[in-house]
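What follows is a short report on a single structure.
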Amino acid sequence: MLLGKVWKLRYRLLSLLLIVAILGCEQVTDEQTKAHFSENIVSGSDTSKRSSILEQVEKFKDVKFGLGEKFFIEGVDFLSTMNYDRAIYSFNKSIFYNPIPPETKYFLAKSYLNAGFIKNSIDIFEEIKNTDLSSFVLPKLSSIYSRLSLSFGYNPPIEYYSITNISGIQGRNRFFALPSSIRFAKDLGIVLNSFSDNLFLTVDNQLSFKNFNLGKRVIDVVYQDSDNSFWIITFSEIYKYQPGWFNLNVFGLNTLVEFSYSGVNFKRIVEIGEFLYVLDEISKKILIVSKYDGKVMMTFPERPFDAPTDLEKDGENILVSDSKTVKVFGKYGEILRQFEFPYNLNGFCVYKDGFILATDNGLIIYNLRDNKYQIVSDKPYDDVVMGNEDKIYAISTKRNEMEVFGNVYQLTHNLDVDIKGIFVGKFPVIGMLVGVRDINQNIIHNLNRGNFEVLESGVNVFMPEVEMTYSFLKKKNLHIVIEKSREVYEYIDEIKSFVRYILNRLDASDYVNITIAGENLVSMGQRNISVLYPLDFIDKNFSKPDSSYNTFDGVSKAITELFYSVRNNVVLLITSGNLERDTSYRNIYNVIDYSYYNYIPIYVISINNSKEMEMLTSSVGGKYYNKTVFLSPDIFLEDFNKNKVFRYLVVFKSVYETVYPDERVVDVEVRVRYNNIVGKDKIKYIFPKAKKPEGQ
């Protein structure tokens, strides 16, 4: 370990530490020290004594600074070798003695992130996001928030920007007049009506507008993906509209279907399968209409709504805003759920695990998971929709405006580069393992050295070599974690037979480790593939459990505390799949976070069907199997051999190749350019003292 190469620096600190012992100071603050010595200075009259005490104060400050540096160097070493728990301890100690440098906090936050302590990393990154390290910190926050949002429907404390007064864009007098509804079409972008113009419009991500003329006042529009058409309602008609030549609707050429009704005043429309669902303001009910002949099949609910304002769909469910509630119905009108809000709703849309509410009190995100509200804007709005890239589009009829709100992190910092470790080979050759993800958390493949730029202590490294890890790491590490529970024990013979078959077919140069995860972890330790020893290890360490222990706690510790390396690790977890004994899902989320941020795929064999285990594998890569795979181990072997860990090995020669300094901490920064976006990350390593050849 590189830490052994910095003992010389540590010994230099001993003389400073002796001063602490002489002064008898035990972790006192600067303020306490000054106060103590000030009292002596005031009471004493000896000038030389006063001078001596002040010198001791300055020396004590130097000692604290030296201790901060000592623990910082330790943290650098532990982080560079992916020993995250020890890195966290060292960086925290460094901050205790010297809390000023934001760089220490940056590396502490990275250590927390890689160890799976997401809340801790968020808190620290948020603290330093406005420092000189912002270009490194903001992509990390973007990645974390996107990850939480995509996987768990989590609404982070997002900052929004706004584009207003679209009608005032230079070159056009007006795009629309009196918009009253806004929708999202997957293939087109945003669809909104222009009530007083007899138009409806589509708006893409670049805010380019296209308009379509119906010739009648448009109340609401929805897009039908299956045949690229629109369903449109006026006050008492339903039209099917196909975009065509000039989109002028001359002689009704663009109108494919027209249904007319009496005694109605339509407000909103959605389409599901063979039916249209139309909200009528007069009856205050929803009409289910056949797409083919316009016949009203049925209406619901039996008791009319009080003040219905908006109609949305979620899958095959129908959602209606009524005063301060959102009511959820099945596709045949059966009531399923109801949500109460403190605001009267003008419009709303479904947003992940919640809703975005358009009210006279503002635009508000409501998260169902924790029952919390987040105010996006405090102005009144009439309708809202979620578009691509998590952009929020809201309209105000009175202001004649559409406003666009976007997540600052996602829109401006959407390339996450993560240096996982740094390896000093035969000096001066240095290697880094680098992961690259886009804003949707997809791993980016097929980059080459033209996409990478490496700086060592601010100096550009000439054309670093770049290689995908799966192409050069031929050896694989299989970590088998067996949950020590009664349910798993009943299949122990099948498990041993399965393990024997797997090990017999792996390459002799591969590695295997087996961990029995119970109340106490017992690990075999990583070693070259053999068959007898692992089976003996299972026999000796897996006896029938005496009690119903909270087993997944042991599994969580086995994965998050034992596997530091990010080389071609694959975890095979054999579990009962029962989480009933867990008081919360904290442990499973710890495993997901740790494995995801360290690029470790997890394969799971579950004795019982488990949605939670399926979620785990889908979140971090790998595959979910039921217990029948014990009888067909080739299924797992095929998946294991196909597994590719998409990271990049970046190899370069140190710019210090021709000099012979003492040990020092060296900065390394990597920049990755992808689709005209630059992401970057930094790490440090301890420069090894190079020995001069004999005779020089």
- Does at least one position in the stretch 210-230 carry a residue that is open to solvent by 50 Å² or more (accessible area, probe 1.4 Å), modelled with pLDDT of 95 or more and hydroxyl-bearing (Ser, Thr, Tyr)? no
- Message: The conditions are (1) under 19 Å from residue 267 (Cβ atoms); (2) open to solvent by 10 Å² or more (accessible area, probe 1.4 Å), and residue 186 fails exactly one of them. Which is it?
- Response: (1)
- Query: When the stretch 64-111 is examined, which residues are found to be of a type in the set (S, T, N, Q) and either assigned to a helix (DSSP H, G or I) or in contact (Cβ under 8 Å) with a residue 60 or more places away in the chain (or both)?
  - Reply: 80, 81, 83, 90, 92, 94, 104, 111
- Taking the condition over 29 Å from the mean Cα position of the chain (by Cα), open to solvent by less than 10 Å² (accessible area, probe 1.4 Å) and within 20 Å of residue 220 (Cβ to Cβ), does residue 318 pass? yes
- Query: Which pairs have Cβ atoms under 6 Å, sit 6 or more apart or on different chains, and link a residue in the stretch 400-417 that is modelled with pLDDT under 85 to one that is open to solvent by 30 Å² or more (accessible area, probe 1.4 Å) and in a helix (DSSP H, G or I)?
  - Reply: 407/390; 410/390; 413/138
- Message: Quick check on the stretch 588-596. Is at least one of its residues modelled with pLDDT under 85, in contact with a helix residue (DSSP H, G or I) (Cβ under 8 Å, 6 or more places away or on another chain) and closer than 25 Å to residue 630 by Cα?
- Response: yes
- Task: Select from the stretch 124-148 the residues that are among the polar types (S, T, N, Q) and surrounded by fewer than 20 Cβ atoms within 10 Å (Cβ to Cβ) and write down the one among them that is farthest from the chain's Cα centre (by Cα).
- Result: 131
- Task: Consider residue 585 carefully, then state whether it is under 25 Å from residue 489 (Cβ atoms), at pLDDT below 85 and aromatic (Phe, Trp, Tyr).
- Result: yes
- Yes or no: residue 282 closer than 27 Å to residue 335 by Cα and not in a loop (DSSP other than H, G, I, E, B)? no
- Query: Could you say which residue among 660, 674 is out of contact with any Cys (no Cβ under 9 Å at 6 or more places or on another chain), at pLDDT 90 or above and open to solvent by 50 Å² or more (accessible area, probe 1.4 Å)?
  - Reply: 674
- Determine whether the stretch 520-530 contains at least one residue that is within 30 Å of residue 143 (Cα to Cα) and either within 30 Å of the chain's Cα centre (by Cα) or part of a helix (DSSP H, G or I) (or both). no
- Could you figure out which of (1) surrounded by 17 or more Cβ atoms within 10 Å (Cβ to Cβ); (2) at pLDDT below 90 isn't true of residue 121? (2)
- Query: Among 204, 197, which is the only one that is crowded, with 16+ Cβ neighbours inside 10 Å, farther than 23 Å from residue 274 by Cα and out of contact with any Ser or Thr (no Cβ under 9 Å at 6 or more places or on another chain)?
  - Reply: 197
- Item | Residue that is nearest to the chain's Cα centre (by Cα) [pool: residues in the stretch 321-346 that are under 17 Å from residue 373 (Cα atoms) and outside any strand (DSSP E or B)] | 341
- How many residues does the stretch 605-637 contain that are in a loop (DSSP other than H, G, I, E, B) and free of Cβ contacts under 8 Å to residues at least 12 places away in the same chain? 1
- Query: residue 154 is checked against (1) more than 30 Å from residue 370 (Cβ to Cβ); (2) open to solvent by 20 Å² or more (accessible area, probe 1.4 Å); (3) at pLDDT below 85 and fails just one. What number does that condition carry?
  - Reply: (1)
- Item | Criterion violated by residue 203 - all others in (1) hydrophobic (A, V, I, L, M, F, W, C); (2) modelled with pLDDT of 90 or more; (3) touching a Gly at 6+ places or on another chain (Cβ under 6 Å) satisfied | (2)
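The values are calculated or read from the model by the stated rules, or taken from the named source; none is laboratory data. Because the structure is predicted, anything quoted here is derived from the model rather than measured. Positions of Cβ are generated from backbone atoms using ideal geometry, with glycine treated the same way; all protein chains shown enter the neighbour counts. Ligands, DNA and RNA are stripped out before the accessible areas are found, and what is left, the full protein with its side chains, is counted by its heavy atoms. Shrake-Rupley method; radii C 1.70, N 1.55, O 1.52, S 1.80 Å.
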